[in-house]
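Engineer: One structure, pasted below without further comment.
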Amino acid sequence: MAHASDLIASDIDAYLESHQYKSLLRFITCGSVDDGKSTLIGRLLYESHLVFEDHLATLAADSAKVGTQGGDLDFALLLDGLSAEREQGITIDVAYRFFSTERRKFIVADTPGHEQYTRNMVTGASTADLAVILIDARKGVLTQTRRHSFLVSLLGIKRVVVAINKMDLVDYSHEVYSAIETEYSDFAGRIGLDDITFIPLSALKGDNVVDVSQRMRWYHGPTLMGHLETVQVDDDLAEAPFRMPVQWVNRPNLDFRGFSGRIVGGTIRPGDLVRVLPAGTTSKVDRIVTFDGDLDRAIAGQSVTITLADEIDASRGDLICAGDAPAEVADQFEAHIVWMHEDEMLPGRSYLMKIGTRTVGVTLGHPKYRIDVNNLDHLAATTLDLNEIGVCNLSLDRPIPFDPYDHNRETGGFVIIDKLTHNTVGAGLLHFALRRSHNIHWQKVQVDKQARTEINNHRSGVVWFTGLSGSGKSTIANIVESKLHLLGVRTYLLDGDNVRHGLNRDLGFTDADRVENIRRIAEVSRLMVDAGLVVLVSFISPFRAERQLARSRVEQGEFIEVHVDTPLDVAESRDPKGLYAKARAGELANFTGIDSPYEPPEVAEVHVDTTSMSAESAADAIIATLQSIGIIA
Amino acid sequence: MTDIVDRPSSDRIPAGRLTHLQRLEAEAIHIMREAVAESDRPAMLYSVGKDSSVMLHLAIKAFYPSLPPFPLVHVDTTWKFNEMYAFRDQTAARLGLDLIVHQNPECVARGINPFDHGSAVHTDMWKTEGLKQVIDQHRFDLCFGGARRDEEKSRAKERVFSVRSAQHQWDPKRQRPELWSTYNARRSNGETLRVFPISNWTELDVWQYVHLEQIPIVPLYYSAPRPVVDRDGVLIMVDDDRMRLGDGELPMVKNVRFRTLGCYPLSGAIESDADSLTGIIQEMLLTTTSERQGRIIDFDGSASMEKKKQEGYF
């Protein structure tokens, strides 16, 4: 890494001084290995003298062993990381590379260009200031070029470099270059990309990468490195309204209460009026505290601790905003969703959503449409699979402050987390709040649950029976209802089969439909609990997450989960409706226990082992539980 | 009042922009606060090297005026340089931080050392197993580490928040996508997280930051006359009388320093006269050998770090 080696050798202090004030540019490269992308990045690293001698020795050895450039150095090998990938000859994840020049430090997100690209590219693009889109001069604008450009535009990267590579293979032809420029500009205009720089180059030969090519004198623009070193990118955020998500309340002693966070938009000074969302309280900034002393100004990108003039309540997840330009607050949105997990998105299931430093519960609606990233067509969809992008409505369990993603990526972008596995399963970009969430409020009623309960002589609640088909849920539920009826308890039995004849007749048995099936039943149960009834629900309800959802719909102490536990072979041998036989014969798809999973409860209020307990005694145990938690006397 | 943006001599950067080091510092602080806010029992792994010094400095900044709300954990092998132990204890005392030193009791009992058991067994037993033990014993759910993506090819894809199974396994397929600066720190039963706040720093960034912030580092990084032996072209310092010398092998005193620090019998010194911070940086900038070459642990093959990671080594 011997750049500026003269200055380093003669005056290291001057060198360090000059390098302290370099700026940082994060960019993403889009293209496939075939476009010479890895070669290009390898070349940038090599040309900025960042490849060390021992790395070069490894590179030479690897080039000889698995290289694709004959005897020449295969720069692509500098980049491949995990050994399994190296053997396959493809990169399958986002890798981050670093190099620096006299003017700038660069962080490159390197993502693969093959079919499983969306998750990785979206991840890499989310932190990039600029995108370099590679085009093979011989092939021109391809489907993948359009795909990459759409994702770049979607993720809000405003500045694009189109690197027309392999110019050496088209005789450095100006005509080839111009044709690609025209075709790409036409397409880019349609997806809202307008800040585009075209650079003809050869990563393999080095033309216009760092040094101006002598073989393309018709080109008068910058080299790739020259452009990357000088392009301005960080003005937008500094101009945005002030935003700082509170990460941590800093309380070293009773006299100090600061709000620590990283500023994600705008500028702040002591004395500025701020508004803390979602509560909406206002105060003035008292101090901007850092280890290096109090600041009289702090800007987007800095991590600081702010103290306020008034004792107002703010905690992790709140958003401190400019008083005169606060973010919006809402709980229902339309958003782009990028699905990132092998398990498909389940509309109606409750997930976690992390936006900034705030985590809330979210339910995703059915996609309005899915986007074909190759041609931007809108396609009908009932769910989203891995690497698919769609537009959905979101419903949150409480209001959040936000900005449209186009205005601020940090306050408009969010990740979706599975409640059980805690995997990050998707990402989303908020566009706007749905107006209905402002306008539809719970109708205040005069007669409430309390009042209804008082004229009954019991409280209301849900007894939720879950278990395999044929396990005996309905049998036991019927006995329980008969016994409750004799005790004068107002009941209603919701049975899976019966409900599917009416309310849920439009639903099938895919995972997504099963989730919606349970969501509706959970809501109906909630209304019935509100009406003062003891609701008996007899549904296979195979997924824990949905049973959890149903539980969350009512108050603590109003939900009794009954696991009717029957081994699959026993249930199958009973087969009261002949369904197992059909499923085994392949006539019935997605049958729980056969080709669709059943997730048993981890802790149920009542566990019924039907191999050792009669339906009658199971019913008695359930009645006893209802008595012990005080639903019935 | 001073303003970071308008520090003396910062007129080279236009108002409203941060330098690369300011951005890296702010990012690391943000990561540390996220991790602490979303964990119950965090800890910082402290290896006494320069990266650890930088991590510690960042932690002090991140939580100021509070102290960092977590202990430092040193997974010790008993084979570190004596100067490292002295520096470690002074640093913890100076900053007023809790220091937990863990030595794998099985290694202590069996006297595991690099001479009799080789570097692979030595490292696995003391460091990999020792780390798992201390995490389990103290039920830490999140540990900060100072690894950087530029150190080694397999680390280029490491996440900032890296999930480990209850058995401390790293599964490349289970790592979570990280978008914007939104990190998913949720854990299922028994899972733990390793968090790497200086992932995006390079070796030069670290040195520049040490220089700019005047962060104390172990004197072993500076050149001094030290007794060494030459083992196949690698200079090994004779740090105490446990060092095994070959027949007729005599330590020579040479002006040497270390680019990376570990167990003294496994750390190669370089001949150098650089006895100041700027001298070190100058030498590093002019050199053409990458950082990890001094670490014998990496010589087992180019994918070896990835294997170690899957087994639970950082």
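Taken together, the values in this text are just the output of simple stated rules run on the coordinates, not laboratory data. Model, not experiment: these values are computed from the prediction. Glycine gets a Cβ as well: all are built from the backbone with ideal geometry, and neighbour counts include every protein chain shown.
Engineer: Just need the Rg to Rh number for the protein assembly as shown, please, alpha carbons only, Kirkwood Rh.
Structural biologist: Rounded to two decimals, Rg/Rh equals 1.00.
Engineer: To check you understand DSSP bridge types, tell me what percent of the beta bridges within the protein assembly as shown (both residues inside) are antiparallel, rounded to 5.
Structural biologist: Antiparallel bridges make up about 60 percent of those DSSP assigns within the protein assembly as shown.
Engineer: Which whole-number percentage describes the relative contact order of chain A, with Cα contacts under 8 Å and a sequence gap of 6 or more?
Structural biologist: Relative contact order for chain A comes out at 9 percent.
Engineer: Within region A:241-331, which chymotrypsin sites (Phe, Trp or Tyr not before Pro) sit in a loop by DSSP and count at most 16 neighbouring Cβ atoms inside 10 Å?
Structural biologist: A:256, A:291
Engineer: Express the relative contact order of chain B as a whole percentage, based on alpha carbon pairs under 8 Å and six or more residues apart in sequence.
Structural biologist: Contact order relative to length: 19 percent.
Engineer: May I ask which of A:37/A:158; A:22/B:80; B:132/B:157 have a Cα-Cα span longer than 25 Å here?
Structural biologist: A:22/B:80
Engineer: Using only the Cα atoms, what convex hull volume per residue in Å³ does chain B have?
Structural biologist: Enclosed volume per residue, from the Cα hull, is 148 Å³.
Engineer: Further question on the same structure: Provide the FRET efficiency to the nearest 0.05 for the residue B:232-residue B:85 pair, computing r from the beta carbons and using R0 = 22 Å.
Structural biologist: 0.20
Engineer: If you stretched the chain out fully between residue A:624 and residue A:505, how much longer would it get, using 0.36 nm times the residue separation minus the C-alpha to C-alpha distance?
Structural biologist: Extra length available between residue A:624 and residue A:505 comes to 39.4 nm.
Engineer: Report P(r) for region A:328-439: all Cα-Cα distances, bin width 5 Å, range 0 to the bin holding the largest distance, values in whole percent.
Structural biologist: 2, 13, 25, 26, 20, 11, 3, 0
Engineer: Based on the Cβ-Cβ distance of residue B:224 and residue A:10, what FRET efficiency does E = 1/(1 + (r/R0)^6) give at R0 = 22 Å, to the nearest 0.05?
Structural biologist: 0.30
Engineer: Among the aspartates and glutamates, which fall within straight-line cross-link reach of residue A:449, defined as a Cα-Cα distance under 14 Å, with same-chain neighbours fewer than 8 residues apart omitted?
Structural biologist: Here the aspartates and glutamates satisfying the reach criterion relative to residue A:449 are A:530, A:555, A:558.
Engineer: Moving to a separate point now. List the residues, sorted by chain then number, that are 5 or more residues from residue B:274 or on another chain and whose placed amide H is less than 5 Å from its amide H.
Structural biologist: B:223
Engineer: In region A:449-628, what is the volume of the convex hull around the alpha carbon atoms, normalised per residue and reported in Å³?
Structural biologist: In region A:449-628, the Cα hull volume divided by residue count equals 111 Å³.
Engineer: Pull up all non-local amide H partners of residue A:490: gap of 5 or more, or a different chain, and H-to-H distance under 5 Å with H placed in the peptide plane.
Structural biologist: Long-range HN contacts for residue A:490: A:534.
Engineer: Label points 7 Å out from Cα along the Cβ direction at residue B:101 and residue A:556: separation in nm?
Structural biologist: In this crude label model, residue B:101 to residue A:556 measures out at 4.6 nm.
Engineer: In whole percent, what relative contact order does region A:237-322 give with Cα contacts below 8 Å and a gap of six or more residues?
Structural biologist: So the answer I get is 38 percent.
Engineer: Hey, another quick one. Taking Cα centroids, how far is region A:514-537 from region A:602-621 in Å?
Structural biologist: 22 Å
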